[in-house]
Amino acid sequence: MRSPSFYLASEILSGSPTLFCSQVLPAAAVDRSKFRTCEQGSFCRRYKKWISRPEREKALWTVLPQTRAPLPEGGFSFQVKHVNEETPHLLLKLNIYASGMVRMRITEIKPLHIRHEIPPGDVVSDPPPAAAKVSEADESGKSIFKFATADGTAAEDRTELNARNMLNFERYRTPKERLPPDTASVAAPDTVLLDAAAHPNGLDTNGLWEEPFGGHTDQKPRGPASLGMDVSFLGDVPSLFGLPEHATKASLPFYQEPYRFFNLDVFEYEIDEPMALYGAIPIIWAIHRLGGQTVSSGFLWINPSETFVKLERDTPDGKGGPAHAWWTSESGVLDTVVMVGPTPKTVSAQFHDLTGHGPMPGLWALGKHQCRWNYMSEKDVATVDSMYDKYDIPYDTIWLDIEHTDGKAYFSWNAAAFPNPKQMIDNISAKRRKFVNVVDPHIKKDEKFHVYREVRDKGFFVKKVSYKQIDDPTDVKPADWVEETKIPDPTATQPPELFCGEGGWHPRKVNDPTPDLTDFEGWCWPGTSLYPDFTDPAMREYWGSQFALDKYTGTNADTYIWNDMNEPSVFNGPEVTMPRDAIHPNGMVEHRDVHNMYGYYVHRATFEGLQKRTPGDRPFVLTRSFFIGSHKYSAIWTGDNYAQWSHLKASIAMVGALTLGGQSLVGADVGGFFKHPDTEMTVRWYQLAVLIYPFLRNHAHLETPRREPYVFDEKTMLRIKASLQMRYKMLPLWYTLFHRWASAAEPVVRPLFWDFLDDPQTHENEEALESQIMLGDSLLVHGIAKPSSEQSEATVYLPKASGWYSIHNGAFKAPGAHVHKLDLDSIPAYYRAGTVVPLKSRIRRSSACMSLDPFTLNVYLNPQTGAAKGRLYIDDYRTRTYQDVGLLCARKIDFTCSARLGTRTHHAKASFEETLKSSH
Ligand code: NOJ
């Protein structure tokens, strides 16, 4: 018999793409008592005990080679047997995708209840399978799968799954039972080591069937169903990146507390934390130094239930050597993908091959967005719009927050403040600008509100279960039952008490299998609110139809949508969200199974609705909550940040992590949402944001002073204006980079290692990693996150390239560390030598007004070769005809200079007017 263990080692084939405020603010403080830690959640606590069991290295699972069977979509499956059971109960599926990915899924063969799986196509579509060979080997006591490309090129191992024997897979069981009903245990039940919910070592049965937290008791009639596994990143792994969304560092810290994925509305989140935030893209990027080479790989954990991931090292100082992670999720199936790289570009391409490519945003979406909670009237909107023009500051979009509605019944208008909304928006359109309205997914309980009535009548609201205990019909009195007879007390002076339920035979109590289901009601902005089941395609269709112009009155085709509070936020719910035991009528799925995807389904429904509303137009949706694949539908912002220097700095890492998760249209609220930034912080925030936030929005809390650029003193206003003008000047570069993202999966903004993997400083120079980021492959930006009273100079690290030119004065710098004297007019930013940057020279009031203006190509020569390369992408900037190759213009620009001109900048005018004219 094979050794009772397996691990999955992906063999990497070198070079082969085919395998496979001025005042000191009080610190923002999150109320930690509201949110669970690993230790406070039963499945995570259980898992930690499971992996610390004695003799964990004794393997528990055997993959049965004789059960190998082909899968219809390509790949194959194996049955997996536990060492303490006679029959196999798990099914392992393996897929190898041609772009260089290995996917491993594990589920139950015959579950007592259906385990939730994400419907095919909702997150992952089957990429083309590989012509790779997979062989099994039995090496050093383990079952090992080896993957090799058809040509069998030599390879190095970089990723191992379950190499530390941490696989846990809890099968559903009948109430109060210790073991699953299909258990064929060879040992006594009290001593059997089966899974984290049934083992003799420090067994923790608290929370298996019900679990109280924050005044709510989570009922779990199906019992424990969690799963977990380890992954090891081999070689010398200097840094791990990714795991969005967390307010942490770029190079992920190895915290004591595991990173948590449980989409939540976290009030006043803190930074340098593994606490959960609004969205979940459970992806880790690893850098491996192996055999004299540096390569990268990715690992994705596809599970929408609550998930924890703990990063670990072998070394006591936590530095160097391999890195490990263990993962555990509350329910569902185990579904993991190894993206084998070897370059960052291939990892990104592999991720998008799996999850799909993002769409081109409208050009306007890359311009400046002006938002606040709230612009209070039509006059207010018109004033803000005209003040931008008065001060000649470019902007593209004005936004309305929740106060524009009639009592927070979305799709409606507060008639007193917004009596003629259509006229208001038409006026904005006439300026060639756009409009965004917030539409949250909680539905006001109000008989007068048509959306409430219709969703209720269609039965689409998420349900609450009222569990009743009934006698278990399967528990019958044994035929040989001997009733205990009580011997009368001869000394008694009174008759015995009436029988009150004690003694005698009673059937066991179970939850009523057909409990009462009523619409779940929670609290949100409107007061009592209900929550549609967005997992249901029919509900999504209904939701999408509400954006039709004849339904959503007061809007026009230039109106786009912001979906907020979609974690979902339930003010009086456990952890400010929906109870896990709520039921989605679509398939009677428990909320716990789909929690991290709720927000995804909301914004996807909105995107699809806008697509139908204005056929051919590029929809724009902003979402707060998200999941793997959200990049296909929405822009994301980092939620309710704070006007603090630390939040300004953290946004660099947060944006970088999100873009590594495929999400390029991202940004943070410029200036911070809570509290008021002082003028210096405001300026520094704009200077950074215009260069590194693809989604550039100024937004602020209801109780803050106004913050539009023109409200500040003249010097401040001029500095903000200069930053925004620079953004508009650079729109051709941003747009071209978005085309690279949409067509070639290249993140628009990315951590330094993505472009300079061979430069070790980009994996380990902490100051460079946390303060710097790249815009495309051409611009390096260093954020300034301290006031001038504390910082007068910055050390900028310029990675190994043929040189760098200051974006501000063209000064040439060689690679390496440079001390940069700071002034308030700019932050350090450098174009890479050898690049051609497409720009516009004339700034007008909005991006649409600039679309026919000529381009300027700035050439930053490589001083060694006298050459430079770049790209320019042009289309009509707003329709989906770009998908038709004939209607776009994508040019590669090669510039060669016979004389070596060093630092001079060359301007060349491009003539693409014809392309543009044809599409306007
Ligand atoms: C919470 C959001 O994060 C914030 O941006 C918004 O202004 C408020 N909800 C009100 O809608």
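Determine whether region 651-661 contains at least one residue that is within 16 Å of the ligand (Cβ to nearest atom), buried (at least 24 other Cβ atoms within 10 Å of the Cβ) and in a loop (DSSP other than H, G, I, E, B).
no
So, in region 365-396, how many residues would count as being open to solvent by 50 Å² or more (accessible area, probe 1.4 Å) and within 16 Å of the ligand (Cβ to nearest atom)?
The number of residues fulfilling the criteria is 1.
Do we find a residue being open to solvent by 50 Å² or more (accessible area, probe 1.4 Å) and part of a strand (DSSP E or B) anywhere in region 417-428?
Within region 417-428, not a single residue is open to solvent by 50 Å² or more (accessible area, probe 1.4 Å) and part of a strand (DSSP E or B).
Listed here are the residues, each with its yes/no results for (1) within 16 Å of the ligand (Cβ to nearest atom); (2) buried (at least 24 other Cβ atoms within 10 Å of the Cβ); (3) within 15 Å of the chain's Cα centre (by Cα).
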site	(1), (2), (3)
GLN611	no, no, no
PRO615	no, no, no
SER634	yes, yes, yes
TYR642	yes, yes, no
TRP645	no, no, no
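Consider TRP505 carefully, then state whether it is in contact with a helix residue (DSSP H, G or I) (Cβ under 8 Å, 6 or more places away or on another chain) and away from the ligand (no atom under 16 Å from the Cβ).
No: the conditions fail for TRP505.
Out of the residues in region 791-827 that are closer than 25 Å to GLU714 by Cβ and not hydrophobic (A, V, I, L, M, F, W, C), which is most open to solvent (accessible area, probe 1.4 Å)?
The residue in question is LYS821.
Is it the case that some residue within region 328-349 is assigned to a strand (DSSP E or B) and over 19 Å from the mean Cα position of the chain (by Cα)?
No, region 328-349 has no match at all.
Might you check whether a residue that is within 28 Å of ALA635 (Cβ to Cβ) and in a loop (DSSP other than H, G, I, E, B) occurs anywhere in region 285-292?
no
Among the numbered conditions (1) within 26 Å of ASP380 (Cα to Cα); (2) in contact with a helix residue (DSSP H, G or I) (Cβ under 8 Å, 6 or more places away or on another chain); (3) away from the ligand (no atom under 16 Å from the Cβ), tell me where VAL670 comes up short.
In the conditions (1) within 26 Å of ASP380 (Cα to Cα); (2) in contact with a helix residue (DSSP H, G or I) (Cβ under 8 Å, 6 or more places away or on another chain); (3) away from the ligand (no atom under 16 Å from the Cβ), VAL670 misses (3) alone.
Can you spot a residue in region 575-598 that is within 16 Å of TYR278 (Cβ to Cβ), open to solvent by 10 Å² or more (accessible area, probe 1.4 Å) and either assigned to a loop (DSSP other than H, G, I, E, B) or of a type in the set (A, V, I, L, M, F, W, C) (or both)?
Within region 575-598, one or more residues are within 16 Å of TYR278 (Cβ to Cβ), open to solvent by 10 Å² or more (accessible area, probe 1.4 Å) and either assigned to a loop (DSSP other than H, G, I, E, B) or of a type in the set (A, V, I, L, M, F, W, C) (or both).
Going by the conditions given, is VAL837 assigned to a strand (DSSP E or B), more than 34 Å from the chain's Cα centre (by Cα) and within 30 Å of TRP364 (Cβ to Cβ)?
When the stated conditions are applied, VAL837 does not pass them.
Would you mind finding the one in GLU708, GLU746, GLU714 that is within 16 Å of the ligand (Cβ to nearest atom) and modelled with pLDDT of 95 or more? Give the derivation first.
Numbers: GLU746 fails: within 16 Å of the ligand (Cβ to nearest atom); GLU714 fails: within 16 Å of the ligand (Cβ to nearest atom).
So the residue among GLU708, GLU746, GLU714 that is within 16 Å of the ligand (Cβ to nearest atom) and modelled with pLDDT of 95 or more is GLU708.
Please name all residue pairs, on different chains or six or more residues apart, with Cβ atoms under 6 Å, provided the first residue is in region 687-716 and is farther than 23 Å from LYS729 by Cα and the second residue is aliphatic (A, V, I, L, M) and away from the ligand (no atom under 15 Å from the Cβ).
Pairs found: none.
In region 674-705, how many are open to solvent by 10 Å² or more (accessible area, probe 1.4 Å) and within 13 Å of the ligand (Cβ to nearest atom)?
5
Examine region 341-358 for a residue that is in contact with a Pro (Cβ under 8 Å, 6 or more places away or on another chain) and of a type in the set (S, T, N, Q), and state whether such a residue exists.
Yes, region 341-358 contains a residue that is in contact with a Pro (Cβ under 8 Å, 6 or more places away or on another chain) and of a type in the set (S, T, N, Q).
Which one is nearest to the ligand (Cβ to nearest atom), of the residues in region 525-560 that are crowded, with 24+ Cβ neighbours inside 10 Å and in a strand (DSSP E or B)?
For region 525-560, the residue satisfying everything is SER529.
Filter region 435-466 down to residues that are in contact with a Cys (Cβ under 8 Å, 6 or more places away or on another chain) and open to solvent by 20 Å² or more (accessible area, probe 1.4 Å), then give me how many there are. Walk me through it before giving the result.
Within region 435-466, the first condition is being in contact with a Cys (Cβ under 8 Å, 6 or more places away or on another chain), and the residues that meet it are 436, 440, 442.
Add one more test, that the residue is open to solvent by 20 Å² or more (accessible area, probe 1.4 Å), and what stays is none.
Residues in region 435-466 being in contact with a Cys (Cβ under 8 Å, 6 or more places away or on another chain) and open to solvent by 20 Å² or more (accessible area, probe 1.4 Å): 0 in total.
The values are calculated or read from the model by the stated rules, or taken from the named source; none is laboratory data. Since this is a predicted model, take the numbers as computed values, not measurements. Here the Cβ is made from the backbone with ideal geometry for all residues, glycine too, and neighbour counts use every protein chain on show. SASA here: full protein model, heavy atoms, side chains in, ligands and nucleic acids out. Shrake-Rupley method; radii C 1.70, N 1.55, O 1.52, S 1.80 Å.
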